[in-house]
Amino acid sequence: MQVEEPREKLPFYRVRASMVDTASVSEVKGGNFAYAVDEKGSRLSCLFDPEVIFGYDNSLEKPVEFKEKGLGVLKTRQNRSNLMPAAFFAQKKTLKKGESVTFYELIGQVDQLGDLENFLDSRKPDPAFFESKLSRANVITDQLTDRVETRTGSKSFDEYTRYTFMDNVLRGGLPVKIGKDKIFYVYSRKHGDLEREYNYFAMSPEFYSQGNGNFRDVNQNRRLDSFFAPFTGRESIHMFYSLLQADGYNPLSIEKLTYTISDEKLDEILHEVQGSGEIRKAISGQHFTPGKLALVCEDDSVFEQIMDES
């Protein structure tokens with residue numbers, strides 16, 4: 001493992017080579033990043049070497065060095081390679097009674113460093129950016145759970161109802177209509193603690209995002225779709241019964257759903273569409289997701305036609 005710093009106060013974490021147990025070794029270009037700013041938009045310094053903070057305490061329970069040196073640890077030379085790194089952001093602030101301090105932190109993953117740099121140049125994450133994202137997240141959460149809005153004498157129970165429905169969506173997915181008759185589940189993924197390696201899942205970084213999940217988990221979390229989303233009909237019954245094996249067993253996992261379309265059908269749809277080259281390049285002869293198609297197709301009607309014929 002190693003920590004690079006392509007820009008000041010921007011740690012980029014990655015492994016130098018693939019870690020899969022195979023005969024061949026390949027370079028890994030993607031990685032994780034950590035980014036933080038204070039309430040004025042100034043970027044904060046990052047401590048990525050845990051020894052600088054915890055010293056000899058390998059249990060990471062007592063920040064020995066930090067307790068002794070305070071923010072003086074920022075001047076300590078940090079090890080950048082062959083370590084299990086951290087991401088602590090430091091700021092010195094004197095607060096009066098009743099005052100508070102706010103800082104904004106963004107942690108993410110990119111396939112290559114250039115994607116991160118393009119994001120920072122185009123979005124320039126500042127306090128307003130984070131506040132807008134927080135507001136948007138709250139709106140989306142409310143929209144997703146409005147269908148189970150409950151009003152009783154207990155506010156805690158009402159919020160609990162929304163919470164459990166959201167948990168159900170994050171396991172089984174939320175059904176949406178695409179085209180005339182396509183039923184597609186967004187947000188579905190394997191549940192569980194992310195730090196447990198057997199709960200590994202991957203969410204597609206695109207519109208109509210979906211992920212992998214266990215057959216049993218996804219199946220049981222779609223039981224109430226016929227009530228909350230009647231338009232799904234028997235879609236889930238057909239899907240899960242079709243996945244049963246000849247010996248009666250079911251597969252362990254459910255992978256993301258992809259579509260294909262014949263070149264003949266694609267030609268019929270795109271013959272008068274401007275800029276159709278990018279669409280052809282992205283989906284012709286390939287398995288594609290609705291998100292991948294949406295990325296290259298700006299015309300909603302064309303998107304719907306392609307999905308209808310897929």
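What do you get for Rg/Rh of segment 144-253 when both radii come from the Cα atoms and Rh is the Kirkwood radius? Expressed as Rg/Rh, it is 1.00. With a Förster radius of 25 Å applied to the C-beta separation of residue 282 and residue 150, the computed FRET efficiency comes to 0.05. Over all pairs of different C-alpha atoms, segment 198-283 has a mean inverse distance whose reciprocal, the Kirkwood radius, equals 16.1 Å. In straight-distance terms, cross-link reach from residue 190 covers every one of the aspartates and glutamates whose alpha-carbon lies under 12 Å from its own, apart from those fewer than eight places away in the same chain; here that gives 167, 217, 255. Mean-square fluctuations from a GNM of the chain, with a 10 angstrom spring cutoff on Cα atoms, peak among 57, 217, 167 at 57.
With an 8 Å cut-off on Cα pairs and a minimum separation of 6 or more residues, tell me the relative contact order of segment 144-253 in percent.
Reported as a whole number, the value is 20 percent.
Across the chain, the longest run free of exposed loop sites, meaning trypsin sites (Lys or Arg not before Pro) lying outside DSSP classes H, G, I, E and B with no more than 13 other Cβ atoms within 10 Å, spans 235-310. Counted by Cβ distance under 12 Å from residue 64, the other residues give a net charge of -2, where Lys and Arg count +1 and Asp and Glu count -1.
If I take R0 = 30 Å and measure r between the Cβ atoms of residue 67 and residue 7 in this structure, what FRET efficiency does the formula 1/(1 + (r/R0)^6) give, to the nearest 0.05? Working from the Cβ atoms, E equals 0.50.
Here the simple spin-label model places points 7 Å from the Cα toward Cβ, and for residue 201 and residue 298 these points are separated by 3.5 nm. The loop-placed GluC sites (Glu not before Pro) in segment 1-68, going by DSSP, that have at most 10 neighbouring Cβ atoms within 10 Å of their Cβ come out as 8, 61. Annotation for segment 7-56: chymotrypsin sites (Phe, Trp or Tyr not before Pro) lying in DSSP loop with at most 13 further Cβ atoms inside 10 Å of their Cβ are 56. Which residues does the label zone of residue 29 cover in segment 109-124, counting backbone N under 16 Å from a point 7 Å along Cα→Cβ? Within reach of a label on residue 29, which here means backbone N under 16 Å from a point 7 Å along Cα→Cβ, segment 109-124 contributes 110-119.
Ranked for footprinting exposure by Cβ neighbours inside 10 Å, fewest first, 254, 183 give 183, 254. Of the GluC sites (Glu not before Pro) in segment 205-268, the ones in a loop by DSSP (not H, G, I, E or B) with at most 11 other beta carbons within 10 Å are 255.
Separation of the alpha carbons by more than 31 angstrom is noted, of 29/92; 29/69; 180/281; 62/124; 9/281, for 29/92; 29/69; 62/124; 9/281.
Equivalent ellipsoid of segment 263-309: semi-axes from √(5λ) of the C-alpha gyration tensor, largest first, are 13, 12, 11 Å.
Where does the charge balance sit around residue 83 when Lys and Arg score +1, Asp and Glu -1, over other residues with C-beta under 11 Å from its C-beta? Here the count lands on -1. Expressed as a whole percent, the proportion of Cα-Cα pairs in segment 74-200 lying more than 19 Å apart is 74%. The overall shape of segment 1-95 is oblate: from the C-alpha gyration tensor, with semi-axes ordered a ≥ b ≥ c, the ratio a/c is 1.5 or greater and a/b is no larger than b/c. Comparing 100, 154, 122 in a Gaussian network model of the chain, where Cα atoms under 10 Å apart are tied by springs, the biggest mean-square fluctuation is seen for 100.
All of the numbers you see were taken from the coordinates with simple rules; none came from a lab. As the structure is a prediction and not an experimental result, all values here were calculated from the model. We place every Cβ from the backbone using ideal geometry, glycine too, and count neighbours over all the protein chains shown.
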